[in-house]
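Contents: one structure, followed by commentary.
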Amino acid sequence: MAEQAPPTSSRSRVVSTLFAAWLLALAFDFLLHGGLLARLYTRPDPFLLAPMVAFRRIPAGYLAFLLLTAGLYWLLARLAISGWFDGLRLGFFAGLLAWGAMALGLYSISTASIDLLLAWWIGQAFELALSGAVIGSSLAGKPLKLIWLKVAVAVVTLGVGTVLLQTIGWAQSDTPQPDRSVVYREADGQALSAHVFLPSSHKAGAQANAILLFHGGGWNAGTPEWTFPAARRFADWGLVAISIQYRLSAGDVTPIEALVDVCAALGWVRDQADELGLSGRLAGYGVSAGGHLVTATATIGCPDGEVGPDALLLWSPALDVTADGWFWKQLQGRASATAYSPAQKVGTSTPPTSIVIGAEDTL
């Protein structure tokens, strides 16, 4: 007697199956990114969005999982493949193709690290494999209550595993942390912080030189944490290193406001010289957009009359922005790019400057 074919799936069964498969994928995604790969996200990386920005965009990623799950359901049903193992196997291979193509695309156009791309590729492929196992079980006619019971147990297990990894410190960042963080000003309801790294031998009443660090990110992205490794190196060399947060372009905020913040940070550090144990001499370190802002304080000048740094150390700085379409866009028509282009304002009063830039860098 021939084996009886699985019953035809009703619409409610399809929806319930898709939701169960999607939920299991999200649970594994939580373990993958919140536990196993968390260290890759906490280290400074200009490829990654700032944590709060990324958090707000997470729903878009979850929608992508739902679309992939629906596509996998259609593929399994179209090929008449059923059973948890066959579903898992096809889901894994489909994931390898889909996420592998994405990883190769990102590798070709971004600064994403190889280890991060490989982890995404394999991890996301396994997520789709789990969805395939759920869908395959449903297409084989397994009771939905049994499928949901297994999914619920798996979701709880994965959630507990994530919490355990975070509890034991697996997800902790190996990025150097500041000795103290202080709010140096508030602007438009936003508290802006200065993150201070002290030399190991630094004592109260000492007189050390300081260096202020400003991250890059195209004026609209980035965090002070991107400069923490450099700040720690400078501190190890005997400088008081201070990573500065400034407002990012969004809404009514433009690089003009960011320059005001940078100038305020310079003034705050000078005002805190005695408390921080500073000699009064300070240098400015800037990467990309941060290089533009700190150089602007020494060439264009600060609106409040604050004096720029005594020396500049610049890494791929944006110095000539007169023809930079992106910078023009960030200004939102409130000023000409030429008026805020440091290269056009260099003079005899410009402090000693060291510039490191790649031969193929377009800045």
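The values are calculated or read from the model by the stated rules, or taken from the named source; none is laboratory data. Just so it is clear, the structure is predicted and the values come from calculations on it, not from any experiment. Here the Cβ positions follow ideal geometry from the backbone for every residue, glycine too, while neighbour counts run over all protein chains shown.
The strands (runs of 3 or more DSSP E) found wholly in the range 154-234 and carrying at least 3 residues that are within 26 Å of ALA318 (Cβ to Cβ) and touching a Leu at 6+ places or on another chain (Cβ under 8 Å) occupy 208-214. Surrounded by fewer than 16 Cβ atoms within 10 Å (Cβ to Cβ), of a type in the set (Lys, Arg) and either within 21 Å of VAL253 (Cβ to Cβ) or touching an Asp or Glu at 6+ places or on another chain (Cβ under 6 Å) (or both) - does that describe any residue in the range 270-277? No, the range 270-277 contains no residue that is surrounded by fewer than 16 Cβ atoms within 10 Å (Cβ to Cβ), of a type in the set (Lys, Arg) and either within 21 Å of VAL253 (Cβ to Cβ) or touching an Asp or Glu at 6+ places or on another chain (Cβ under 6 Å) (or both). Flag: CYS302 matches the condition of being buried (at least 18 other Cβ atoms within 10 Å of the Cβ), part of a loop (DSSP other than H, G, I, E, B), in contact (Cβ under 8 Å) with a residue 12 or more places away in the chain and under 31 Å from the mean Cα position of the chain (by Cα).
Among the residues of the range 244-286, those that are part of a helix (DSSP H, G or I) and over 16 Å from PRO303 (Cα atoms) comprise VAL269, ARG270, ASP271, ALA273, ASP274, GLU275, LEU276.
Taken as a whole, the range 324-339 holds at least one residue that is closer than 19 Å to HIS215 by Cβ, modelled with pLDDT under 95 and in a loop (DSSP other than H, G, I, E, B). Taking the listed residues LEU144, LEU239, LEU198, LEU164, the one that is within 30 Å of ALA77 (Cβ to Cβ) and over 22 Å from the mean Cα position of the chain (by Cα) is LEU144, with no other qualifying. The C-beta contact set for the range 200-220 (first residue charged (D, E, K, R), second residue part of a loop (DSSP other than H, G, I, E, B) and surrounded by 11 or more Cβ atoms within 10 Å (Cβ to Cβ), distance under 8 angstrom, 6+ apart or interchain) comprises LYS203/GLY277. The residues in the range 341-356 that are touching a Leu at 6+ places or on another chain (Cβ under 7 Å) and surrounded by 14 or more Cβ atoms within 10 Å (Cβ to Cβ) can be counted, and the count is 4. Considering only the range 131-153, I want to know if a residue exists there that is over 18 Å from VAL14 (Cα atoms) and touching a Pro at 6+ places or on another chain (Cβ under 7 Å). For the range 131-153, residues over 18 Å from VAL14 (Cα atoms) and touching a Pro at 6+ places or on another chain (Cβ under 7 Å): absent. Within the range 76-92, restricting attention to residues that are in contact with a helix residue (DSSP H, G or I) (Cβ under 8 Å, 6 or more places away or on another chain) and surrounded by fewer than 16 Cβ atoms within 10 Å (Cβ to Cβ), the residue that is nearest to ALA119 (Cα to Cα) is PHE85.
Going by what's in this entry, would SER16 be described as in a loop (DSSP other than H, G, I, E, B) and modelled with pLDDT of 85 or more?
No, not satisfied.
Condition check for THR348 on (1) farther than 30 Å from ASP179 by Cα; (2) among the polar types (S, T, N, Q); (3) in contact with a helix residue (DSSP H, G or I) (Cβ under 9 Å, 6 or more places away or on another chain): one failure, at (3). Pairing each residue of the range 306-332 that is within 21 Å of ASP252 (Cα to Cα) with any residue that is outside any loop (DSSP other than H, G, I, E, B) and among the aromatic types (Phe, Trp, Tyr), provided the two are 6+ apart or on different chains, yields C-beta distances under 6 Å for VAL321/PHE327. Condition (residue is within 22 Å of the chain's Cα centre (by Cα) and within 14 Å of LEU313 (Cβ to Cβ)) applied to the range 279-286: is it met by at least one residue? Yes: the range 279-286 contains one or more residues that are within 22 Å of the chain's Cα centre (by Cα) and within 14 Å of LEU313 (Cβ to Cβ).
From LEU48, LEU32, LEU40, grab the single residue that is modelled with pLDDT under 80, surrounded by 19 or more Cβ atoms within 10 Å (Cβ to Cβ) and either closer than 30 Å to ALA289 by Cβ or within 20 Å of the chain's Cα centre (by Cα) (or both). Please lay out each step first, then the result.
Values: LEU32 fails: modelled with pLDDT under 80; LEU40 fails: surrounded by 19 or more Cβ atoms within 10 Å (Cβ to Cβ).
The conditions single out LEU48.
For THR167, the requirement of being within 30 Å of LEU31 (Cβ to Cβ) and loosely packed, with under 15 Cβ neighbours inside 10 Å is met. Of everything in the range 199-232 that is of a type in the set (Ser, Thr, Tyr) and surrounded by fewer than 17 Cβ atoms within 10 Å (Cβ to Cβ), the residue that is modelled with the lowest pLDDT is SER201. Within the range 70-121, the residues that satisfy the criterion of being of a type in the set (Ser, Thr, Tyr) and either over 19 Å from LEU32 (Cα atoms) or modelled with pLDDT of 95 or more (or both) are TYR73, SER82, TYR107, SER108, SER110, THR111.
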